[in-house]
1. Nearest 5 percent is fine: what portion of the DSSP beta bridges confined to the chain is antiparallel?
2. Treating cross-link reach as a plain straight distance, find the lysines whose alpha-carbon is under 23 Å from the alpha-carbon of K196, omitting any fewer than eight places away in the same chain.
3. By the scheme Lys and Arg +1, Asp and Glu -1, what is the net charge of all other residues having a beta-carbon under 13 Å from that of E163?
4. Can you give the angle from 0 to 90° between the axis of helix 227-245 and the longest principal axis of the chain, with both taken from C-alpha atoms, to the nearest 10?
5. When only C-alpha pairs under 8 Å and at least 6 residues apart count, what is the relative contact order of the chain, in percent?
6. Could you list the trypsin sites (Lys or Arg not before Pro) in the range 223-316 that lie in coil according to DSSP, counting only those with at most 16 other Cβ atoms within 10 Å of their Cβ?
7. Compute, for the chain, the length of the dipole vector about the Cα centre, with Cβ point charges of +1 (Lys, Arg) and -1 (Asp, Glu) only. Units Debye, rounded to 20.
8. Excluding D224 itself, what net charge comes from residues whose Cβ is under 11 Å from its Cβ, given Lys and Arg +1 and Asp and Glu -1?
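Each reported figure results from applying straightforward, stated rules to the coordinates on display, with no laboratory input. This is a predicted model, so every value here is computed, not measured. No Cβ is skipped: glycine too gets one built from the backbone with ideal geometry, and neighbour counts run over all protein chains shown.
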Amino acid sequence: MKIVGKILKALLCIVGILILLLLLAVGVFTVAEYRPADTEVIIAQQETEAVLETGRPLTIVSWNCGYGALGDNADFFMDGGSSVYTADQARVESNLAGIRDALKTLNPDFLILQEVDINSARSHGLDERAVLRETLPGASESFAYNFNTLFVPYPIPPMGHVESGLYTLSAAVPGSSARISLPVPFSWPIRLFNLKRCLLVSRFPVKDSDRELVLINLHLEAYDDGEGKEAQARQLTALMQEEYAKGNYVIAGGDFNQRFTNIDQSAYPVYEGMWQPGVIDAASFGSDFTLLMDNSFPTCRSLDRAYAGADKEGFQFYLIDGFIVSANVHAESVETLDYGFTCTDHNPVRMIFTLE
C-alpha cells in the first residue's frame, strides 16, 4: 500500500506540475497578446504632391501571396490537408521571386498584397517585403499586421511564431496611411493564437481637387462560424459609405474570403465537406458601389491537397478576390490573371480604373 501511495503522490505531483506549466504558458501568452488600437497610424498625415488625376487610367493589382509558402506543392491542415510547414526556405524564396517577377511585368500603379510574412516560423523568418518591394522600385509602402502572435501551439508540429500582414505599394505617395482594426470573432483563450484582422487604409490626394482616393487593402476572416465575416463586412461597408459621403473616391480590394452575390459563381461549386466561403450581398452596399470579380478563372484553390500533379477535374476552386468601388470610380476592366497557382494558392486580380 505504501508503494501505491508513493506512486499516486508522484503522479499527482506530475499532473500538478503540468497544470502549473500550462497556466504559466497561458499567462505568458495573455500578457504578450497583440492588442492593436482601433486605429493605428502607419504613415502620419503629411504634405505630399498630388499626382493622381481624374480621367487618367490607373492600374491596381491585388494578390494574396500565401506567405511565400503555399505554392503548387502545398497542402495545409486548416483546409483538410496534413501539412503545417509547407515549404523549405529555398521554395519560399522561389515562390516570392516568382510573384515579384510576375508583378514587375504587370507594373501596376498600386499594389495591394495579403499574407506577407515579415518574421514567421512558417516562412523561415524571412522579411518578405525585401523581395516584394523590388516590384515597384522607389515606391511608397505601408504594412499593417493581420496576424501577430508569440506562438501558435497547434497542431503537431506547432505553427510557432507568426508575424504577417497586409502590404501596400504605390507609385504615388499617400498623404497618410492607417491600420483600422476589424472585429475579432474569437474569444479568450483561442483569441491569443489567432488573427487580429484589419483594414490598411491609404489616402492619396487628387490634383485640382479637395478629394482623396481612399484605398483599402483587406484580408477578411476565413475560419470562423460566419459571424466574424459578416461583422467585418459591415464595418467595411460603413467605412466606404462614410468616405464616399465626403466626396472621396473609394476602392477596397483584396481577399474577401467571401463571394459576391452579383457575380456568377456557378463555375466554382463548393463540394461537400470543403471550406465554405462567406457571402457578401451586393445590395448591402447600395447603389453607390459596385462589387467586382472576374469569373474567367478562379482566384483561389483549395489546400486540401497539392495542386501540382493533381487531377484538376473536381478540384475545389473559389472566386473570393476582387474589388469594390464607389460610383465616382469607373472600372474599365477587372481581370483574374491565371498563373496556375504555381507560387501561391491565389491568382492575382488586376483592375484598370479612372477617377471621374
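1. 80
2. K229
3. Local net charge: -1.
4. 30
5. On the way: 816 pairs, mean separation 74.4, N = 356.
After rounding, I find 21 percent.
6. Of the trypsin sites (Lys or Arg not before Pro), the ones in loops of the range 223-316 whose Cβ has at most 16 other Cβ atoms within 10 Å are K246, K312.
7. Details: 26 positive and 45 negative charges, 305 e Å.
With only Lys, Arg, Asp and Glu charged at Cβ, the dipole is about 1460 debye.
8. Within the 11 Å Cβ shell, the charges total -2.
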